[in-house]
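I have placed the structure first, in the form of structure tokens, so that the comments after it can refer back to it.
The values are calculated or read from the model by the stated rules, or taken from the named source; none is laboratory data. Everything quoted here is computed from the prediction, not taken from an experiment. FYI the Cβ positions are ideal-geometry reconstructions off the backbone, even for glycines, and counts take in every protein chain you see. Each accessible area value is taken on the protein alone, full model and side chains, heavy atoms only, with ligands, DNA and RNA left out. Shrake-Rupley method; radii C 1.70, N 1.55, O 1.52, S 1.80 Å.
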Amino acid sequence: MEEPLVKRTSLKAADCPVARALDAIGDWWSLLIIRDALDGMRRFGEFQKSLGVAKGILSGRLHNLVDVGVLELVPASDGSAYQEYRLTERGRGLFHVVVGLRQWGETHLFSPEEAHSELVDIAKEEPVEKLELRSGTGRLLGWEDTIVRKVHRKV
């Protein structure tokens, strides 16, 4: 069985940006595909080998990521008749989301002595610093320092 037979509720029209983002990319396969694309994978077979996911599920997730503008299909870089998946600007914009999930996982889901991968700055060959949220004046912000406010746009 590839997919549960539970009907999924669409959040495309939700007034919450988090809900809309989850509607577009909010399952683990999609986020892992994006992770792999950020690591340079471009071909169906590469994603399938990395993830070990059923081809039907992978195909569905890739089609959805193309439909929502996160990936685009382009001619293969080696000149063959194949096509490859390339991150769009919208897809590359998910880099901080993936890094945030990575850093949260490192902090909360691994013991200090447990081996895992890490994100490294190419130029300095050092692990990257933890993501931080700052105010317009540079003050470090935590969850308790922020509030969600509705934005009403004039049409």
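Things to note:
- Residue match in segment 79-98 (condition: closer than 27 Å to Ala21 by Cα and over 19 Å from the mean Cα position of the chain (by Cα)): yes
- Under the condition of being open to solvent by less than 40 Å² (accessible area, probe 1.4 Å) and at pLDDT below 95, the residues counted in segment 61-79 number 1.
- Scope segment 6-50; condition of a type outside the set (S, T, N, Q), open to solvent by 60 Å² or more (accessible area, probe 1.4 Å), farther than 30 Å from Ala76 by Cβ and in contact with a helix residue (DSSP H, G or I) (Cβ under 7 Å, 6 or more places away or on another chain); matching residues: Leu11, Lys12
- Selection from segment 22-50 of residues that are small (Gly, Ala, Ser) and farther than 15 Å from Thr88 by Cβ: Gly26, Gly40, Gly45, Ser50
- Per-region count, segment 61-96, residues in a helix (DSSP H, G or I) and without any contact (Cβ under 8 Å) to a residue 24 or more places away in the chain: 5
- Single condition Ser111 does not satisfy, out of (1) of a type in the set (Gly, Ala, Ser); (2) without any contact (Cβ under 8 Å) to a residue 12 or more places away in the chain; (3) open to solvent by 90 Å² or more (accessible area, probe 1.4 Å): (3)
- Val53 out of contact with any Pro (no Cβ under 9 Å at 6 or more places or on another chain), open to solvent by 50 Å² or more (accessible area, probe 1.4 Å), of a type outside the set (Ser, Thr, Tyr) and over 17 Å from Arg92 (Cα atoms): no
- Selection of first residues in segment 126-145 that are touching a residue at least 24 places away in the same chain (Cβ under 8 Å) and of second residues that are part of a strand (DSSP E or B) and surrounded by 10 or more Cβ atoms within 10 Å (Cβ to Cβ), restricted to Cβ pairs under 6 Å at least 6 apart or on distinct chains, gives the following pairs, ordered by first then second residue: Val128/Asp121.
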